[in-house]
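Below is one structure, written out as structure tokens; the observations come after it.
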Amino acid sequence: MTEILAGSASALQGVLLAAQSRDPFRPAKLLHYAAFVIIPQIDGIPTRLVFETNYDGELDAHLDELVKLAGADLDNIYGNCKGYPAASAVAKPQEFKKYLIENSVPSTAFYVALQGRSRVDIDNAIEVYNTATAYLETLCNKPGTSKLNFDDVWEELVAHFKNPVTTPRPIPSPVSQRQLKWRFRLNAVLLSLVAIPLAIVVLPILLLMTRFYEWLESGITFKRKYPVNPQVYEYMNLGRQNHMCTLATIKPSRFRLMMIRLGLFATKILASKVFILGHLDTITTIHFARWSLIDNDRHVLFLTNYDGSWSSYIDDFSDPPHLNGVWGNTERFPPTRFMLWQGARLIQQFQAHVVEEFQPAYFFHRPYGDNTVQNLIRYLELRDALAREL
Amino acid sequence: MSEKVDRKDIQGMLASGYNHLNYARFLFLRVVDRVKARAWLAKVVDKVTTAEYPGKHKPGNCLNLALTFKGIEAMGIASDLICGFSHEFESRMTRPEAAQILGDNGPSDQANWEFGSIQTERDRPLHLLALLYGDSEDSVRNFARACELYPIVAANIGLELVYRQDASHERDDLNEPFGFRDGISQPAVEGLAGKSSKHRDLIKTGEFVLGYKDGKGLKSTIASIENWYDPEGYLAAHPDYPNDRRAFGLNGSYLVFRKLSQNVRAFWDYIDLQSGADPQRRELLAARLIGRWRSGAPLVLAPDNPGAEPANDFLYAPTDPDGLACPIGAHIRRANPRDSLPNWPSQSLATSNRHRIIRRGRKYLTPIDSEGGKPGIQDQGLCFIALNADLLRQFEFIQYTWLNNPQFNGLDNDKDPVIGDNDGTYQFTVQGMPLNCHLQGLPRFVTMKGGGYFFLPGLRALRFLANYDPVVAAQAAPGLTDASARPQR
């Protein structure tokens, strides 16, 4: 997160849109999703640029790749930001990397749908799936196919990939959905052993305390901190995959800060240990999501990318109580009751609130075409099964 | 316990499709003189059919009235006085992101629309939609005359005709232009449906009518105005702000109108090409695209029997989870996936029921306009009309997330084979044992010709509009009201 030079925000928006039309990150091999978002002035803190990347491996190698592919673009972009060593991405990459690292913000909680899957791994699965379907299509047109059963077809497919001329080769992956399922079961059991007794003791107290604060806050009208971006609806519906960034203010009390920390801690544990099968609770469309407490814990920045329009399945999305557990502690969120009830479940109010806080991504790199999380899981499963056979 | 539904205040088309009336006329009107237009509305409002029908008698003519957001303003209610309409309604079917959501691209691009596009809105804006129904063209004509809308929409009623669309069908002809029985799957609305409706089909009133609880026990936002502007008390008090605001939107619904032209020839040419013109394969393939035989019998219940009776009481998960009878991407399985979405069947059914619409479409047919020439068809299709409480969650969701989504329900690159915005690059997958087969290069069969988002107000709201007097309202209002005190949308 870097501060934008005074008066440079609109020029920067133009630079980002120009970069978007070429997308210099396209050839990247270590990068999943990436986005640039301009967030408005809030509580006296000037306009800032957020650069979000989801990458494989070491940070240094990731930054090297960015510099190699888009040095000039990064210089153009960061030329509008405070304290940037001019033209360093091209001329002095070490300084550029130092600048980015110094300005980096850790995620308080992080979710990835396809855990343990690198970009190379996913690309290979997509290619193998396409090759397999093309081959099966030729099989379809051969006489006598209707007499085959599933096992015969599978053998045909394996034989096709055993043929050394077939490309791409299915590469073995360090993880498989089968392993992940076992890990999920084990983690779910272990976590419940710890969490259930803890929840029985602590949760009632927290709910009651939250109710007290809900009552206390019901008389306060929290003012809107920045105007609604006029392009919000367009940027919510960019294509088959979309980016969402929201900037919220934590309600001004120590209790609320403690609760959001607790909510994000629970999210962090659940996202990394339990929701590892391609869905975050009931939400099956999110690729990556991250929550960061910023500005000395005054604000929470949320960044995510997901399949479909932002309103798709918002019904299902707003059902789990976790949303309230985190965002119920922020200003202007639809009022909750005993923390878990109402809030996001008041769907139209919740939607209107998201519109208020939404920040458009003027640059959005999406690497997997239109493929959804759920389709990628199917492709990975097929490829993993073929790799095992070989 | 179901809520008490105020049928007297709800317009009739929410309760009935008036299927006993064969002829419909849709008049798109522009308000040129709001004072005269209000006087006209005051005269016709008593002719508006309410949901008390279907009661004992079936009226020989029916009239319903709907307005666009601009239309409400054109009648004299400044847009900043009224709040609580949805973003989609206020910013219309032509807003920048709508083309992508609705699939209005290529030949369906609004540059090609006959009415309702940004281009035509400049000098021919849509304000009011009058839906007139009758037994025959004569009956509708006479009824229109009684409503002062025939032979011409004269200036003395303050309205101007922007576009006229007639739609008719022969008695008992319920097929849409491709030749399939239409309108079988309709949600039964609690409080409006007949008693015979099965529990599974019964959908909460609030999914379609504003002011009632929906499937989640919530109520969609009701558009409202401050008390001052309704000194005579035509409107009911707003349930959430009974002392300050009046509920303009109560008992109303959002109405979607889309004139959809159907290329019947291209459809059957494509089927012939893919089926090798073998009559049996041809029928089966066409049925697979739709999900029903021509008779309306669903493939799930009658996989081998084209002549079976139309039926709607079925699910997918118990008998056809893999799409072997009715393909996953078939039109009816996309428009209402019932229990076949990728989660538990009961959860899927609940999700599907949150995205239902009432369809009140009628087919239209424009003959070739030539004197003494060969009779023929110039254009035919469907005047698609949908009613729902939340355009975003219901109509637009179905269009974007189900019909036009290439990755719908685990498919790879398939859009709705019949009404999707296909352009030759998408496929149709027929699930099979042991292999799926794919039909490639689907062209577009259905093209959007024009339409818009309307609001179908309750009768009290229509009477309020008809009697609204900005001057009297301004006198009644105690000076400038504090804008910040208004409830948020």
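Every number here is computed from the coordinates shown, using simple stated rules; none is lab data. What you are looking at is a predicted structure, and each value in this text was computed from that prediction instead of being measured. FYI the Cβ positions are ideal-geometry reconstructions off the backbone, even for glycines, and counts take in every protein chain you see.
Observations, loosely collected:
- Under 16 Å from the Cα of B:Lys47 - lysines, other chains or at least 8 residues apart: B:Lys8, B:Lys58
- What you get for region A:2-104, charging only the Cβ of Lys and Arg (+1) and of Asp and Glu (-1), is a dipole of about 240 debye around the Cα centre.
- Cβ-placed point charges (K, R +1; D, E -1), dipole of region B:258-449 about Cα centre in debye, nearest 20: 580
- Neighbour counts of C-beta atoms inside 10 Å place B:Asp135, B:Asp414 in the sequence B:Asp135, B:Asp414, starting with the fewest.
- Taking amide H positions as modeled 1.01 Å from N, with prolines and chain starts lacking one, the residues under 5 Å from A:Tyr33 and 5 or more places away or on another chain are A:Asn54.
- For chain B, relative contact order (Cα pairs under 8 Å, six or more residues apart, normalised by length) works out to 22 percent.
- Across peptide A:344-350, the mean count of Cβ atoms from other chains lying within 10 Å of each residue's own Cβ comes to 4.
- Dipole of the protein assembly as shown, positive direction: furthest Cα of A:Leu180, A:Met258, B:Ile72, with charges on the beta-carbon: A:Met258
- Over region B:206-333, all Cα pairs binned in 5 Å intervals from 0 give whole-percent P(r) values of 2, 10, 12, 12, 10, 9, 9, 7, 7, 8, 7, 4, 2, 1, listed from short to long.
- Across region B:258-449, the mean sequence separation of Cα contacts (distance under 8 Å, 6 or more residues apart), normalised by length, yields a relative contact order of 23 percent.
- From helices alone, chain B scores -5500 deg cm²/dmol at 222 nm; the rule is -39500 (n - 2.57) for each run of n ≥ 4 DSSP H residues, then divide by the residue total.
- Rg/Rg_ref, region A:176-359, where Rg_ref = 2.2 N^0.38 Å and atoms are Cα: 1.06
- Relative contact order (%) - chain A, alpha-carbon pairs under 8 angstrom, separation at least six: 25
- Net length gained if the chain between B:Val471 and B:Thr319 were fully extended (0.36 nm per residue, minus Cα distance): 48.3 nm
- Largest-first principal axis extents of the Cα set of chain A (Å): 75, 57, 34
- Rounded FRET efficiency, nearest 0.05, which uses the C-beta distance separating B:Ile118 from B:Ala154 and R0 of 25 Å: 0.30
- Trypsin sites (Lys or Arg not before Pro) restricted to region A:207-310 and DSSP loop, no more than 13 other C-beta within 10 Å: A:Lys223, A:Arg224
- CD proxy at 222 nm, helix term only [per DSSP H run n ≥ 4: -39500 (n - 2.57); per residue of chain A; nearest 500]: -15000 deg cm²/dmol
- Full extension of the segment from A:Asn163 to A:Ala195, taken as 0.36 nm per residue of separation minus the current Cα-Cα distance, would add 6.4 nm.
- Of the residues B:Pro443, B:Gly381, B:Met433, the one whose Cα sits farthest toward the positive end of the charge dipole of region B:258-449, with +1 on the Cβ of Lys and Arg and -1 on the Cβ of Asp and Glu, is B:Gly381.
- Given A:Lys142/A:Lys162; B:Lys70/B:Lys449; A:Lys251/B:Lys216; A:Lys92/A:Lys225, the pairs whose alpha carbons are separated by over 30 Å: A:Lys92/A:Lys225
- The amide H of A:Thr336, built 1.01 Å from its N in the peptide plane, has A:Gly343 as neighbours under 5 Å, considering only residues 5 or more places off or on other chains.
- Here region A:135-171 is scanned for amide nitrogen atoms under 16 Å from the site 7 Å beyond the Cα of B:Asp278 along Cα-to-Cβ, giving A:140-147.
- Net charge dipole size for the protein assembly as shown [Lys, Arg +1 and Asp, Glu -1 on Cβ; Debye, nearest 20]: 1420
- Peptide A:308-316 has a mean of 6 when you count, residue by residue, the C-beta atoms of other protein chains within 10 Å of its C-beta.
- Restricting the GluC sites (Glu not before Pro) of region A:1-61 to loop positions (DSSP other than H, G, I, E, B) with no more than 14 neighbouring Cβ atoms within 10 Å leaves A:Glu58.
- Placing one equal scatterer on every Cα of the protein assembly as shown and applying the Debye formula, the log10 ratio I(q)/I(0) at q = 0.06, 0.07, 0.08 Å⁻¹ is -0.46, -0.63, -0.82.
- Per-bin percent of Cα-Cα distances, chain B [10 Å]: 4, 19, 30, 26, 14, 6, 1, 0
- Proximal aspartates and glutamates relative to B:Lys363, as straight alpha-carbon distance under 12 Å, when same-chain residues fewer than 8 apart are discounted: B:Asp166, B:Glu170, B:Asp173, B:Glu176, B:Asp182, B:Asp379
- Residue order for A:Met1, B:Met13, B:Met93, B:Met433, fewest other beta carbons within 10 angstrom first, comes to B:Met433, A:Met1, B:Met13, B:Met93.
- Cα-based shape type of region B:156-197, given that a ≥ b ≥ c are square roots of the gyration tensor eigenvalues and the cut on a/c is 1.5: oblate
- The peptide list B:218-224, A:169-175, put in order of mean Cβ contacts within 10 Å with the highest first, becomes B:218-224, A:169-175.
- Computed from Cα atoms alone, the Kirkwood hydrodynamic radius reported for region A:2-104 is 14.0 Å.
- DSSP loop GluC sites (Glu not before Pro) with at most 12 other Cβ within 10 Å excluded, longest remaining stretch of chain B: B:171-370
- Per residue of B:211-219, other chain Cβ atoms within 10 Å of the residue Cβ number 2 on average.
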